[in-house]
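The structure appears below as structure tokens.
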Amino acid sequence: MATSSESSETSESTLRKRRGDRSNSDAISSDSNSETIQEEELFKYEKKGVISLQTGTFWLTRIVLLRSIAFIYFVAFSVAYNQNKQLIGDRGLMPCKEYLRSVKRYVGGKIGTAALAYTPSILWFLDWSDMDANLDGIALAGLALSGFVLVTGRANMFIMALLWILYHSLVNVGQLWYSFGWESQLLETGFLGIFLCPLWSLEQLPRNCPPSLITIWTFRWLIVRIMLGAGLIKIRGDRCWRDLTCMDYHYETQPVPNPMSYYMHRSPWWFHRFETLSNHFIELIVPFFTFMGRRMCMVNGALQILFQVALIISGNLSFLNWLTVVPSLACFDDSALAFLFRPSGGPRQTLLKIQAEETAGKTPPPTKGLLIRRVLNVSLGVLIAYLSIPVVMNLFSAKQIMNTSFDPLRIVNTYGAFGSITKERTEVILQGTLSADPSDPGAVWEEYEFRCKPGNVKRRPCLISPYHYRLDWLMWFAAFQTYEQSEWVIHIAGRLLANDSTVLSLMDHNPFQGRQKPRWIRGEHYRYKFSEPGSLKASQGNWWIRKRIGPYFPPVDLAGLRMYFQSRNWPLPDS
């Protein structure tokens, strides 16, 4: 009886004889043909379930992350291109040129390391004679680079670093208009994205630069901090988060409601309690699933994404929720994300080949560049850990602060949202009149309409997420402050008196378009509530019901504003 070794030798010799019967031309094929055959075989085996993507690798995850970051950058630079000139341009409400000059004076009158440390921006090195062109140039460059990464799924460290520098340059001179947590969150996310990529190569799957597990964990650490920060600030903040009533108010009083907010607000009380409990579970408990193995980490990622999708559906919170989805994607490996890629050809098939070679022990020895990259990845981990110390201390602090950076480059930040909930919605309505006497009972006051914020009670709430109207958002804050606390509202009033096209381009309706300039502008304060679905008001087409509270600021004209503008170094609108 033949032994197993003998039978194997016999089969091998038989195979050799069969191979010998073939001609040399049949035995030797071109490289391109062999690659095609290999890809077809891999696809056939994968369909049969013999070969599938391994778990614990992140080649495809990297492509998804890069495209997602690029999408958020593209939206952010679109907002910048369309609104920066009006907000921080040469004739903007808060010109960045004047801001840079004030910083320059503060740090000693010269542009040096102190100025760069205080306000990191490439605008320091550009010609300030046409700041509008500089702002447009930065935004257009950002749109081009992020569009390339979004469409192709290809990037290198140079491109991602340039995107980060460009957006940093805008955020740091954006002043009040860029003072929100999602700006720092995009900068932190974008910074981590730099280390996902090879230095120069634009390959989707660069063999000499496998995705670093350290970088993947920095994204996971980011989503953990975002959610814990948001959850803890709520528990420590408004009492309604503890007695589960905050969602009774949120949909109506959030900065910029959308059409779905109208219906969500009228949900039954028990659903609002369920929402609040779910919020606490998602933000305070689920993040710890990240550290409980692959499956629980994916559960965390899935729940966080579903949570953000629910928030996107129910309100216009800029690109914040879209951005928060990005680090959640790092909870999924190649095997989990394979369904996003075509089974035959493309990155998925290339990855199958890479994994097959690794299984067969055909992995090339590490190059010098790969070893340097490993040192760089470890250095990134050490940097993030070090910069996380004050952030973690802030999380444990009873005096927790949210949306704050402890380093000028905003690499690791604190986060949080809606620590307090406003219980009623108030709006500032700007009105103008052609009457010579603003106190005349017969004076006709006509209203300006903003792009998205509530105004006309018959206008349906807008749907703009992930886009963002910065002026509309700030008007929400102005409504529960005084005009002395929000002086820029008076600046807007002065511009409207002059029918200034720069400011009017940020608005939806100018009642004096094609007519003479208004003589007086005033701010009226109103309380807004959603109409009841099915009620008489709703049947009349009213989405909102409003009641006048009183004046927000008294009627003003250009002559009366002259001294006010001069004391603040604002150019007179008619000059």
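Okay, residues lined up against (1) touching a helix residue (DSSP H, G or I) at 6+ places or on another chain (Cβ under 7 Å); (2) more than 27 Å from Leu176 (Cβ to Cβ); (3) hydrophobic (A, V, I, L, M, F, W, C):
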site	(1), (2), (3)
Ser501	no, no, no
Ile521	yes, no, yes
Lys529	yes, yes, no
Leu536	no, yes, yes
Trp543	yes, yes, yes
Ile549	no, no, yes
Tyr552	no, no, no
Tyr564	yes, no, no
Trp570	yes, no, yes
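Please indicate, with yes or no, whether at least one residue in segment 465-481 is more than 21 Å from Asn510 (Cα to Cα) and crowded, with 20+ Cβ neighbours inside 10 Å. Scanning segment 465-481 turns up at least one residue that is more than 21 Å from Asn510 (Cα to Cα) and crowded, with 20+ Cβ neighbours inside 10 Å. Here Val256 passes the criteria (1) under 26 Å from Trp543 (Cβ atoms); (2) in a helix (DSSP H, G or I); (3) of a type in the set (A, V, I, L, M, F, W, C) except the one numbered (2).
Within this structure, Thr502 fails the test of being more than 30 Å from Ala70 (Cα to Cα) and either open to solvent by 20 Å² or more (accessible area, probe 1.4 Å) or assigned by the TED database to the domain that holds Ala76 (or both).
Of all residues in segment 429-482, those being assigned to a strand (DSSP E or B) and either farther than 30 Å from Leu311 by Cβ or in the same structural domain as Tyr81 (by the TED database) (or both) number 5. Listed by first and then second residue, the pairs linking a residue in segment 494-523 that is over 24 Å from Pro454 (Cβ atoms) to a residue that is of a type in the set (Gly, Ala, Ser) and open to solvent by 10 Å² or more (accessible area, probe 1.4 Å), with Cβ atoms under 7 Å apart and 6 or more places separating them unless they lie on different chains, are Lys517/Ala498; Arg519/Ser435; Arg519/Ala436. Highlighted here are the helices (runs of 4 or more DSSP H) found entirely within segment 156-245 that include at least 1 residues which are open to solvent by less than 10 Å² (accessible area, probe 1.4 Å) and touching a strand residue (DSSP E or B) at 6+ places or on another chain (Cβ under 6 Å): 181-194. Criterion first (more than 30 Å from Asp508 (Cα to Cα) and either in contact with a Lys or Arg (Cβ under 6 Å, 6 or more places away or on another chain) or open to solvent by less than 20 Å² (accessible area, probe 1.4 Å) (or both)) does Asn394 satisfy it? So Asn394 passes the test. Entry remark, segment 551-569: residues being modelled with pLDDT under 95, of a type outside the set (D, E, K, R) and open to solvent by 70 Å² or more (accessible area, probe 1.4 Å) number 5 in total. Report yes if some residue within segment 323-340 is under 33 Å from the mean Cα position of the chain (by Cα), within 15 Å of Val412 (Cα to Cα) and among the aromatic types (Phe, Trp, Tyr); otherwise report no. Checked against the condition, which is being under 33 Å from the mean Cα position of the chain (by Cα), within 15 Å of Val412 (Cα to Cα) and among the aromatic types (Phe, Trp, Tyr), segment 323-340 yields no hits at all. Any residue that is assigned by the TED database to the domain that holds Asn156, part of a helix (DSSP H, G or I), touching a Lys or Arg at 6+ places or on another chain (Cβ under 9 Å) and under 30 Å from Asp472 (Cβ atoms) - is there at least one of those in segment 318-327? There is at least one residue in segment 318-327 that is assigned by the TED database to the domain that holds Asn156, part of a helix (DSSP H, G or I), touching a Lys or Arg at 6+ places or on another chain (Cβ under 9 Å) and under 30 Å from Asp472 (Cβ atoms). Screening Ser121 against (1) polar (S, T, N, Q); (2) buried (at least 18 other Cβ atoms within 10 Å of the Cβ); (3) touching a residue at least 60 places away in the same chain (Cβ under 8 Å) leaves a single unmet condition, (3).
The values are calculated or read from the model by the stated rules, or taken from the named source; none is laboratory data. Not measured: the values here are computed from a predicted model. As a convention, Cβ positions derive from the backbone with ideal geometry for all residues, glycine included, and neighbour counts pool all protein chains shown. Note: accessible area is taken over every heavy atom of the protein model, side chains too, but ligands, DNA and RNA are not part of it. Shrake-Rupley method; radii C 1.70, N 1.55, O 1.52, S 1.80 Å.
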